[in-house]
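Here is the structure we will look at, set down as structure tokens.
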Amino acid sequence: MQDVMTICNYCGCGCGVYLRVDQGRVVGSYPSKNHPISQGNLCSKGWHLHEFIHSANRLTEPLMRKYGKLCPVSWDEALDYTTKSLLRTKKAHGSDSIGVLASAKCSNEENYLLQKLTRAGLQTNNIDHCARL
Ligand code: SF4
């Protein structure tokens, strides 16, 4: 077994957590006593951080609703559809009819790119962030 130090990705607090790895599978989450933010503490979400990693319920590919049923599609199809829908909405109702929610589960760099896409690409300041998304 191996304990790998990382940061909990459930919210923006940034608690230090060790993920316990056994034969290539993450099997546990434990607080880091020496971490300057969390100092040996985790909330209930942090203690269960490892549980989603190997879940069979995780989405592993884009899904689109077709005829009332969610169907797997390629990234190209999903992104084409999303782009066309956003541009159609912007043209019909204006830039401020669109809003974007960023996520604490993304890296700072990914959230930076999302706000850039929102402000420069979609031309709206309607971007917000919920640390509990
Ligand atoms: S979800 Fe809980 S454990 Fe994770 S970073 Fe936030 S406060 Fe810390």
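The values are calculated or read from the model by the stated rules, or taken from the named source; none is laboratory data. Because the structure is predicted, anything quoted here is derived from the model rather than measured. Because the Cβ atoms are built from the backbone with ideal geometry, glycine has one as well, and the counts that use them run over all protein chains shown.
A search for C-beta distances below 6 Å between a residue of region 93-109 that is outside the structural domain of Cys15 (by TED's automatic domain parsing) and any residue that is modelled with pLDDT under 90, counting only pairs 6+ apart in sequence or on different chains, returns Ala102/Asn111; Ala102/His129; Ser103/Leu133; Ala104/Cys11; Ala104/Gly12; Ala104/Ala131; Lys105/Asn9. Restricting Arg58, Arg65, Arg20, Arg25 to residues that are under 19 Å from Ser107 (Cβ atoms) and more than 15 Å from the ligand (Cβ to nearest atom) narrows the list to Arg58.
Close contacts from region 43-58, counting a first residue that is within 20 Å of Gly12 (Cβ to Cβ) and a second that is surrounded by fewer than 13 Cβ atoms within 10 Å (Cβ to Cβ), with Cβ to Cβ under 7 Å and a gap of 6+ residues or different chains, come to Phe52/Arg58.
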